[in-house]
Amino acid sequence: MKVIFMGTPDFSVGTLEALIGAGHEVVLVVTQPDKPKGRGGKMQYTPVKEAAVAHGIPVFQPVKIREPEAVEELRKYNADIMVVIAFGQILPKEILDMTPYGCINVHASLLPSYRGAAPIQWAVINGDKVSGVTTMQMNEGLDTGDMIMKTEVPLSEDETGGSLHDKLAEAGAKLCVETLKALEDKTATWEVQGESPTAYAKMLDKKLGDIDWSRSAKSIECLIRGLNPWPSAYTDWNGKVMKIWEAGVLDENTDAKPGTIVKVEKDSFSVQTGDGLLKVLALQIPGKKRMEADAFLRGYQIETGCELSSQMIKNC
């Protein structure tokens, strides 16, 4: 097939590579505009643009894809199909209907669950046991088009947002190739989505990582994994931001206020939550790299009774 590929971040690159490897002719790659990065403000290519340039594929970077001149640019390529994966802009109906096979989206959830911008991380945050990828025929709604194919991906007990991202990117690349083959063979079937059983998977921001110690230890542990590697879960320790990268859950409780450190061992320290203890195993403080808790405890004094908080409490 002649394919126009739309995508922007790392998650999209594997699918682009898989389409090329399967023999499809990617006639154009559409991605978000370059952005300045670092102190020098040097313009940086999106990951998808880097891949396209490496393969010698033309790149189009419209500020607004729905502008008439952008729509006409796409029309010039006479593509059979458009494949969209984490592009970052909403497509108007005239683009959705432009090609014979329309626009196929690769979405990182088992639709209709987790429609929205951050389905990967929310699956981990919510403690799901299974996630997956869905290919869908795009319509004008937000992730509401008819489903074509799905593949399930189980989550491990130590799954993070980063590790699940990589698993789903690989699964999505394979599923996209299978979907295009089914479309070509005329064996594809479509299933209308029902109502979503989950909340909209809203975009992540740094405020989400501010740990509320009144929540259960299990929910905090899931939050820590879901926001790893970005934006990370954090708390206040002695007026400093402490990022927590790895933790365990202990089915124990004390009479201490949530956020209070109640146990300090050689390789960890445990914090009372609204239900259960959170055993901190890896963390990071300003100016330092991530470290295991035992290394932290060798260099810093931390005692039972110290309170961690989202507020700047200086009582340690």
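Bear in mind these aren't lab numbers, they're just calculated from the coordinates by the rules spelled out. Computed from a predicted model, the values in this text were never measured in an experiment. Glycine gets a Cβ as well: all are built from the backbone with ideal geometry, and neighbour counts include every protein chain shown.
Observations
- On the basis of the beta-carbon distance and an R0 of 22 Å, LYS129 and THR151 show a calculated FRET efficiency of 0.90.
- Label point distance in nm, ASP294-GLU94, each placed 7 Å from Cα along Cα→Cβ: 6.5 nm
- Relative contact order of segment 206-299, pairs being alpha-carbon contacts under 8 Å that are 6 or more residues apart, as %: 27 percent
- Cross-link reach list, aspartates and glutamates versus LYS42, counting only Cα pairs under 13 Å and skipping chain neighbours closer than eight places: ASP34
- Label zone at THR304 (point 7 Å along Cα-to-Cβ), backbone N below 14 Å, segment 258-290: 260-266, 269-272
- Label-point separation, THR187 to GLU50 (7 Å along Cα→Cβ), nm: 3.6 nm
- Measuring nothing but how far apart in sequence close Cα pairs (under 8 Å, 6+ apart) lie, relative to its length, segment 2-185 scores a relative contact order of 21 percent.
- Out-of-range pairs (alpha-carbon distance over 28 Å; input LYS174/LYS288; LYS218/LYS243; LYS35/LYS279; LYS37/LYS240; LYS64/LYS289): LYS174/LYS288; LYS35/LYS279; LYS64/LYS289
- For PHE60, distant residues with modelled amide H under 5 Å away: VAL29, VAL30, THR31
- When shorter helices are ignored and each DSSP H run of at least 4 residues is given -39500 (n - 2.57), the per-residue value for the chain at 222 nm works out to -7500 deg cm²/dmol.
- Across segment 82-92, computed HN-Hα scalar couplings (Karplus, 6.51 cos²θ - 1.76 cosθ + 1.60, θ = phi - 60°) run 10, 10, 10, 8, 6, 6, x, 9, 7, 8, x Hz from first to last residue, x flagging Gly and Pro.
- Fluctuation leader among THR273, THR189, THR134 - the chain, Gaussian network, Cα springs under 10 angstrom: THR189
- Fewest-first sequence of PHE11, PHE5 by Cβ atoms within 10 Å of each Cβ: PHE11, PHE5
- Proximity of backbone amide H atoms, modeled 1.01 Å from N, is registered between LEU281 and GLU246, ALA247, GLY248 at under 5 Å, excluding neighbours fewer than 5 places apart on the same chain.
- Calculated FRET efficiency, ASP267 to LYS207, Cβ-Cβ distance, R0 = 25 Å: about 0.25 to the nearest 0.05.
- Distant-in-sequence amide contacts of ALA22, defined by a placed amide H-H separation under 5 Å and a gap of 5 or more residues or a different chain, comprise nothing.
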